[in-house]
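One structure is given here, and the rest of the page talks about it.
Read the figures in this text as sums done on the coordinates, not as results from a lab. Quick caveat: nothing in here was measured; it's all calculated off a predicted structure. Cβ: placed from backbone, ideal geometry, glycine included. Neighbour counts: every protein chain shown.
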DNA sequence: TTGACATAACACCATTTGGTTATATATAAT
DNA sequence: ATTATATATAACCAAATGGTGTTATGTCAA
């Protein structure tokens, strides 16, 4: 029962521009490693490493089809990010509200 | 006119757990470097590095007050992340919809 | 002015990261 | 069976990252 230490989480996975590009490409259509790699200037091996990191974070999944391995976006794993963001959006909106208040009451402050 | 190459963007800034913790602490209240650092096991110097990265990404800002430097959350900078996420949520919901469709039409498939 | 305190600036280090090339394995097609 | 294609795996490397400790610098208080 290997404890399966997940080395990469969603936050780390999306930190790299190449990995975000992979997600974007897969959002357009499911595709093989070769097809994905064709959109990058870096080596196929390098792209595969990014793919593995994304898969480890649960953001994509791949299944072998003949000699190809077709990858698919798994966007549900972004929920963790969404929840994290939602917490901070609360403060974001509060701040905007406060700003709005200050502006609307500007003349009152010029006593 | 130094081109001010921004080394850290929002995606990278939030990738590190310590930095997310700094954001969380600042969401609670504005505070000095010393106070922030008191919540970590790592050295003050290390915390300062994280703070600088967050500031560079525009997620926080600090102003000198006497001998202290008080930092404040700048949540508007999370908009970039929010927009990025919104794009993928579209696929997320589509997928859930598709799944719902399959379930609801399950008996039809058992021909 | 001396001491205490908060932050800033350095120099240094181990590990991780993002990349490379080379080699092996599995599947398809001739 | 042979060859071409797609992916997998391994060994390697430079640079970035996250951490350390030490040494300035600025500010408040006695």
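Residues in segment A:51-76 that are away from DNA strand C (no atom under 16 Å from the Cβ) and crowded, with 19+ Cβ neighbours inside 10 Å: A:71, A:73, A:74, A:75. Of the listed requirements (1) in contact with a strand residue (DSSP E or B) (Cβ under 9 Å, 6 or more places away or on another chain); (2) more than 9 Å from chain B (Cβ to nearest Cβ); (3) under 30 Å from residue B:28 (Cα atoms), residue A:64 misses just one: (3).
Regarding residue A:22, is this residue over 27 Å from residue B:59 (Cα atoms), within 12 Å of DNA strand C (Cβ to nearest atom) and buried (at least 16 other Cβ atoms within 10 Å of the Cβ)? Considered against the rule, which asks whether it is over 27 Å from residue B:59 (Cα atoms), within 12 Å of DNA strand C (Cβ to nearest atom) and buried (at least 16 other Cβ atoms within 10 Å of the Cβ), residue A:22 comes out as no. For segment A:40-53, the condition of being under 18 Å from the mean Cα position of the chain (by Cα), within 11 Å of chain B (Cβ to nearest Cβ) and closer than 24 Å to residue B:9 by Cα holds for none of the residues. In segment A:79-88, the condition of being within 14 Å of chain B (Cβ to nearest Cβ) and within 16 Å of DNA strand D (Cβ to nearest atom) is met by no residue.
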